[in-house]
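Every number here is computed from the coordinates shown, using simple stated rules; none is lab data. Here the structure is a predicted model, which is why all the values come from computation and not from measurement. Neighbour counts are summed over all protein chains in view; Cβ atoms, including those assigned to glycine, are modelled from backbone coordinates with ideal geometry.
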Amino acid sequence: MLNLSSFKPLILPAVENSLPKTFQELTLRNLSLYDFQVDSNQSGEVAALRLEAEPRLPGIILTEEGHISGMISRQRFLEYLSRPFGRELFLKRSLKTLHQFAYTDFLVMPGDTKVIEASSTALQRPTNQAYEPIVVEIEPYIYRILDVHHLLTAQCHIHQLASNLLHELYQELEAANQKLELQASLDALTQVANRRRFDEYLAQQWLQMSKQQSPISIIMADIDCFKGYNDTYGHQAGDKCIKQVALAINQAVQMTINIKKENNLVARYGGEEFAIVLPQMNAIDAVSIAEQIRSHVKSLNITHKASVASKVVTLSLGVSTAIPQLGGSREALIAEADRALYQAKIKGRDRVLLS
């Protein structure tokens with residue numbers, strides 16, 4: 001068998017120029033083929049002159065009455081000429097005579113044979129024939145000769161193309177998976193994080209902050225008198241209102257200059273309630289952000305005639321902060337923020353309270 005480690009995955013000009021759009025369709029016809037088909041009764045001198053004139057010519061195809069009768073590789077031809085009295089013996093005599101001495105089995109393949117199939121067949125030949133050229137039958141009685149190195153170079157190129165294609169497909173698959181994962185973590189109506197993503201993210205950050213012994217804050221926010229809004233303006237208007245509020249909350253959090261934007265998370269907790277996770281945020285800063293959220297939502301001036309808190313849509317917000325400890329409960333942090341939110345509702349709504 002041939003050792004492919006010495007072959008570089010380069011592409012010959014003849015391959016590159018004729019490479020089909022679908023590389024799986026690459027056949028022997030597309031490779032660099034040589035035309036040296038001569039009658040076996042001609043003298044060896046004819047072959048010697050041609051081989052000297054074309055250093056890349058891999059061999060000679062012998063025919064008799066148009067039918068192929070043999071093949072002599074360049075290597076074997078020159079080897080016999082170099083022997084004692086070889087030139088005197090073989091140059092003046094017919095190629096048929098030389099072939100009787102230099103005969104070996106040769107491989108003939110149709111021109112439409114796929115390169116990968118041809119390479120596999122060529123590499124299965126005995127070791128003493130491994131470097132022998134291949135005869136390609138283009139049409140009946142029309143033959144061309146192919147250097148096995150050209151064949152293996154083309155195969156290496158196909159493998160490289162296949163590898164590149166698989167890499168591209170893998171990247172596309174990764175991008176599609178990331179897109180699906182993102183969609184699975186978003187609330188369909190508001191396009192902020194959903195409850196599932198909130199639970200996952202809070203668990204991750206709770207563990208991280210426990211290792212760092214850094215604070216983590218939660219803001220729970222609820223649209224005031226939202227049932228009355230739905231009853232007054234209808235559910236479609238209610239959905240639009242929730243979308244506007246979600247966008248405003250997200251904008252308010254992102255506009256905060258003393259927060260790492262990639263660390264916070266705004267999520268729809270359920271219905272008209274939202275939750276904001278603020279890792280590495282102390283209570284004072286978390287209350288400040290909650291006030292900015294409340295102010296930004298109110299500034300939208302969404303009319304709300306059914307509210308007892310204001311003539312426009314407002315939020316009540318509860319804030320809680322903790323430094324996570326081993327054995328501590330993140331559910332307790334949420335419960336504290338919920339209690340603060342409940343107290344904000346009791347005390348008149350449209351306000352922020354810290355637990």
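Hey, what angle do you get for helix 195-212 against the long axis of the chain, alpha-carbon based, 0 to 90 degrees rounded to 10?
Around 90 degrees separate the two axes.
Based on the Cβ-Cβ distance of residue 200 and residue 159, what FRET efficiency does E = 1/(1 + (r/R0)^6) give at R0 = 45 Å, to the nearest 0.05?
0.65
On average over all directions, what projected area in square nanometres does the range 205-276 have, based on the convex hull of its Cα atoms? Write down the numbers at each step before the final one.
Working: hull surface 22.0 nm².
The Cα convex hull of the range 205-276, projected and averaged over all directions, gives 5.5 nm².
Nearest-5 percent of antiparallel DSSP beta bridges in the chain?
Values: 36 of 47 bridges.
Roughly 75 percent of the beta bridges in the chain run antiparallel, per DSSP.
Just to be sure I understand: if I project the alpha-carbon convex hull of the range 195-354 onto a plane and average over all orientations, what area do I get in nm²? Could the numbers behind the result be given before it?
On the way: hull surface 34.3 nm².
Value for the range 195-354: 8.6 nm².
Looking only at chymotrypsin sites (Phe, Trp or Tyr not before Pro) in DSSP loops with at most 16 other Cβ atoms within 10 Å, what is the longest site-free stretch of the chain?
Here the longest run is 142-355.
Once you have all Cα-Cα distances for the range 4-160, histogram them in 5 Å bins from zero and send the whole-percent values.
Pair shares across the bins are 2, 9, 19, 21, 19, 14, 9, 5, 2, 0, 0.
In square nanometres, what is the average projected area of the Cα convex hull of the chain? Working shown, then result.
Working: hull surface 118.9 nm².
Mean shadow area of the hull around the Cα atoms is 29.7 nm².
Under a point spin-label approximation (7 Å from Cα along Cα-to-Cβ), what is the residue 291-residue 29 distance to one decimal in nm?
Here the answer is 8.1 nm between the modelled labels.
Angle, helix 330-346 long axis vs. longest principal axis of the chain, Cα atoms, 0 to 90°, nearest 10?
40
With angles folded into 0 to 90 degrees, how steeply does helix 148-185 sit against the dominant principal axis of the chain? Use alpha carbons for both and round to 10.
10
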